[in-house]
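Read through the structure below, which is laid out as C-alpha cells, and then see the notes.
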Amino acid sequence: MPTISSKKTYTGGCHCGNIRYRAVLDINSPNVTKCNCSICHKNGYVFSPRVSGSEFELLSPSSIADATVGAYEFGSKMLCHHFCKTCGVSCFFRMGVKARGWEESEHVTFGVNILTLDPDQGLDLRNIKLRYWNGRDEDWSGAKDEPGPNGIW
C-alpha cells in the first residue's frame, strides 16, 4: 500500500530573524532524525527528511553566500551546515556536492533543523516520531528506532 505524503509548506528561521526560509516538509515522515555525531550532538539538531532544492527557498538574506550566513563543513564535506553569524542558530544543511562553493543543482538537497520552524504553524513537536543515526561511529546504514551510543532521547 503506497504511503500518503503529508507534505506541507512551513516557514522558519534563526532567533534574530536574519535567516528566513520556506520549505515543503513531511514532518510526519518516519525520517525526522537526530544524530549522535559531534556536530549534531553539540548543536542538538532535529532534522527533517531531506528535500530537493525546489522544495526549499531561502527568503532572507537573498543568498546563502551573504556575509551574515555562516557555513561549516567538516570530515567528508558531504554536508554544509548553515547558521546565522549574528545569533548563532543553525537552521539547515545542504548535501550533494563535496567541497566549498557549491553550485545549486537538482542534486543538492536540504535538511531543515525543525527546531527552527516558526511555532505558529499547528506543529506539535511532542507528536513527532524520531529516528536515530549513529554518526558517531559513521554507521550510515540506516536510521534506527533507538538512539546510538552517546545519543540522546
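Nothing in this text is a laboratory measurement; each read-out follows from the coordinates by a stated rule. Since the structure is predicted, the reported quantities are computational estimates derived from the model, not experimental observations. Glycine gets a Cβ as well: all are built from the backbone with ideal geometry, and neighbour counts include every protein chain shown.
With the cut-off at 27 Å, tell me which of the pairs Lys42/Lys129; Lys8/Lys42; Lys7/Lys129; Lys7/Lys34; Lys42/Lys144; Lys8/Lys144 have Cα atoms farther apart than that. Distance filter (> 27 Å) returns Lys8/Lys42.
Taking a point 7 Å out from the Cα of His107 in the direction of its Cβ, the residues of the range 64-82 whose backbone N falls within less than 18 Å of it are 76-80. Think of it this way: in the chain, Cys37, Cys80, Cys91 stand alone, with no other Cys Cβ under 4.7 Å.
Taking other residues whose beta carbon is less than 13 angstrom from the beta carbon of Thr9, and scoring Lys, Arg as +1 and Asp, Glu as -1, yields -1. Sequence-distant contacts, meaning Cα pairs under 8 Å at least 6 residues apart, place the relative contact order of the chain at 28 percent. Once both labels are positioned 7 Å from their Cα atoms along Cα-to-Cβ, the gap between Leu115 and Lys129 label points is 2.3 nm. Multiplying each eigenvalue of the alpha-carbon gyration tensor of the range 8-140 by 5 and taking the square root yields semi-axes of 20, 19, 15 Å, largest first, rounded to whole angstroms. Residue separation of Lys85 and Ser38 scaled by 0.36 nm, minus their Cα-Cα distance, works out to 14.9 nm of gained length.
For the range 27-77 versus the range 108-146, the inter-centroid distance based on Cα atoms is 10 Å. With a simple spin-label model that places each label point 7 Å from the Cα along the Cα-to-Cβ direction, the separation between Thr68 and Asn28 comes to 3.6 nm.
To the nearest 500 deg cm²/dmol, what mean residue ellipticity at 222 nm is calculated for the chain from DSSP H runs of n ≥ 4 alone, each contributing -39,500 (n - 2.57), summed and divided by the residues?
-1000 deg cm²/dmol, from helical runs alone.
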